[in-house]
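Enquirer: What follows is a structure written as structure tokens; I'll ask about it next.
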Amino acid sequence: MGGSPALKDRLLDLLEDTSLGVVTAATALLLGLVSHSPALWGEAVPKCCKLLAKLTHPNAAGEFGAEYVYHKTVNPWLQVKLLRLLQYYPPPEKEEVARRLEDALAKIINETAMQKHVNANNAAHAVLFEAVNYVIHLETNRSLTAAAVSMLGQRLASAHQPNYRYLSLDAMQRMSHIPDAAQQFTKHREMVSAALRDNDVSLRRRALDVLYSMCDGNNSEQVVGELLDYLVTADFAIREELVLRVAILAERFAPNLRWYVDTILKLMALAGDFVGDAVWMRVVQIVTNHEDLQLYAAETCFRALGKEPVHESMTKCGGYVLGEFGHLIAHRAASGPEAQLALLRDRFHQSEQVPPPPPPPP
């Protein structure tokens, strides 16, 4: 059809047909064509924006007829198709078209309310979350971004709507690269943290993604602290991923290197079985390359090795640090050479005595 101007024009004209059924069918075909060759169908953008504005107008039900209203939403399937089609293109260049589209999006985001009827909710929210996807596609519209973040926070607080909470967390994670959105998400950090303890493992994983995405140099201590607190009770399905995320965030956004060392040592104490060699080796590398950190690392590792229980990863890390920098605390009676040697001998002996895993079943 892209090679036939007459057929192309005919299809675009169908977007203005008086029958909304014809328009819906034409939009479905157009969406398929656009997905393969977006450049051929750029003329559809202003027509789609105009149609979306008409569908979201307060008088839309009267204009199109009650048969196209599904639980107070005028043809939600067509609205979703239009929003998906528009995501193949940059924002409209013409001011009038851009304003019309922005008004329609703002109306969808700001005026979609939670309803008691399940089908009514599903229809309205299918359009709502597709509108949020378009806002993510835009990236630079501050007013729409602010409205979307506010709406997502409201849906995240809907305790009895796990599907909407999941979709909200998913959208938050995908919006986290937008500076305006990331800054506003900090207002909802407590709700995101609470989702880490939800009964639904998919919600817990998505909440972990969001916290990881929203962490920066300003809130790293709070976010990492919350993740460490959660690690105490986290189930095994998520623990390995959680440990890796904490290790990455601790190094990337450490307010100072002492905090980094403390965080990784605590990580090893809480979930040593899930701390790979690369994590404690990275601690050793950083300590070795920062002379002003070596005394503190030796003191901290010595204390950590003296507390029960001590995981093998902590023994390895402490053994290296004390082996290289233990002389910095050797002048103290409590941490002299004999005390260090005795402590390391006991810890390495404990590691050697760990029983092997049971053999696999026959």
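Enquirer: Scan region 58-79 for residues that are open to solvent by 20 Å² or more (accessible area, probe 1.4 Å) and among the hydrophobic types (A, V, I, L, M, F, W, C) and report the count.
Expert: Here the count works out to 5.
Enquirer: Turning to a different aspect of this structure: I'd like the residue in region 234-283 that is surrounded by fewer than 16 Cβ atoms within 10 Å (Cβ to Cβ) and of a type in the set (A, V, I, L, M) and, out of all such residues, is farthest from Met314 (Cα to Cα).
Expert: Among those that are surrounded by fewer than 16 Cβ atoms within 10 Å (Cβ to Cβ) and of a type in the set (A, V, I, L, M), it is Ala237.
Enquirer: When residues of region 180-198 are filtered for being open to solvent by 30 Å² or more (accessible area, probe 1.4 Å) and β-branched (Val, Ile, Thr), how many remain?
Expert: 1
Enquirer: Do we find that His125 is farther than 19 Å from Met172 by Cβ and either touching a Phe, Trp or Tyr at 6+ places or on another chain (Cβ under 9 Å) or touching a residue at least 40 places away in the same chain (Cβ under 8 Å) (or both) in this structure?
Expert: no
Enquirer: Run Leu85 past the list (1) part of a helix (DSSP H, G or I); (2) open to solvent by 70 Å² or more (accessible area, probe 1.4 Å) and report the number of the one that doesn't hold.
Expert: Only one criterion in (1) part of a helix (DSSP H, G or I); (2) open to solvent by 70 Å² or more (accessible area, probe 1.4 Å) is unmet by Leu85, namely (2).
Enquirer: Quickly run through region 49-82 and pick out the residues that are in a helix (DSSP H, G or I) and under 32 Å from the mean Cα position of the chain (by Cα).
Expert: Residues satisfying the conditions are Cys49, Leu52, Ala53, Leu55, Pro76, Trp77, Leu78, Gln79, Val80, Lys81, Leu82.
Enquirer: Go through region 330-344 and report how many residues are surrounded by fewer than 17 Cβ atoms within 10 Å (Cβ to Cβ) and not basic (Lys, Arg).
Expert: Total satisfying the criteria: 9.
Enquirer: Moving on. Confirm whether Leu40 is in contact (Cβ under 8 Å) with a residue 12 or more places away in the chain, open to solvent by less than 90 Å² (accessible area, probe 1.4 Å) and closer than 18 Å to Ile109 by Cα.
Expert: Spelling it out, it is not the case that Leu40 is in contact (Cβ under 8 Å) with a residue 12 or more places away in the chain, open to solvent by less than 90 Å² (accessible area, probe 1.4 Å) and closer than 18 Å to Ile109 by Cα.
Enquirer: Restricting region 99-112 to residues that are without any contact (Cβ under 8 Å) to a residue 40 or more places away in the chain and in a helix (DSSP H, G or I), which is surrounded by the most Cβ atoms within 10 Å (Cβ to Cβ)?
Expert: Leu105
Enquirer: Out of curiosity, is Ser176 open to solvent by less than 60 Å² (accessible area, probe 1.4 Å) and out of contact with any Pro (no Cβ under 9 Å at 6 or more places or on another chain)?
Expert: yes
Enquirer: So, of the residues in region 136-161 that are hydroxyl-bearing (Ser, Thr, Tyr) and assigned to a loop (DSSP other than H, G, I, E, B), which turns out to be farthest from Ala207 (Cα to Cα)?
Expert: Here the residue is Thr140.
Enquirer: Here are Leu55, Leu33, Leu15, Leu51: which of them is surrounded by 15 or more Cβ atoms within 10 Å (Cβ to Cβ), modelled with pLDDT of 90 or more and in contact with a strand residue (DSSP E or B) (Cβ under 7 Å, 6 or more places away or on another chain)?
Expert: Step by step, each of Leu55, Leu33, Leu15, Leu51 is checked, and only Leu55 is surrounded by 15 or more Cβ atoms within 10 Å (Cβ to Cβ), modelled with pLDDT of 90 or more and in contact with a strand residue (DSSP E or B) (Cβ under 7 Å, 6 or more places away or on another chain).
Enquirer: Name the residues in region 158-190 that are at pLDDT below 90, among the aliphatic types (A, V, I, L, M) and closer than 22 Å to Val246 by Cβ, would you?
Expert: Scanning region 158-190 gives a single hit, Ala182.
Enquirer: Among the residues of region 199-233, which ones are over 16 Å from Pro162 (Cβ atoms), surrounded by fewer than 16 Cβ atoms within 10 Å (Cβ to Cβ) and either small (Gly, Ala, Ser) or in contact (Cβ under 8 Å) with a residue 40 or more places away in the chain (or both)?
Expert: Gly217, Gly225
Enquirer: Can His331 be described as over 34 Å from the mean Cα position of the chain (by Cα) and not in a helix (DSSP H, G or I)?
Expert: Yes; evaluated as a whole, the condition is true for this residue.
Enquirer: In region 68-81, is there at least one residue being out of contact with any Leu (no Cβ under 6 Å at 6 or more places or on another chain) and without any contact (Cβ under 8 Å) to a residue 24 or more places away in the chain?
Expert: Yes, region 68-81 has at least one match.
Enquirer: Now for a different question. Give me the residue from region 139-164 that is surrounded by 19 or more Cβ atoms within 10 Å (Cβ to Cβ) and over 17 Å from the mean Cα position of the chain (by Cα) and, out of that set, nearest to Glu95 (Cα to Cα).
Expert: Asn141
The values are calculated or read from the model by the stated rules, or taken from the named source; none is laboratory data. This one's a predicted model, so the numbers in the text were calculated from it and none came from an experiment. All Cβ positions, even for glycine, are placed from backbone atoms using ideal geometry, and neighbour counts span all protein chains on display. SASA here: full protein model, heavy atoms, side chains in, ligands and nucleic acids out. Shrake-Rupley method; radii C 1.70, N 1.55, O 1.52, S 1.80 Å.
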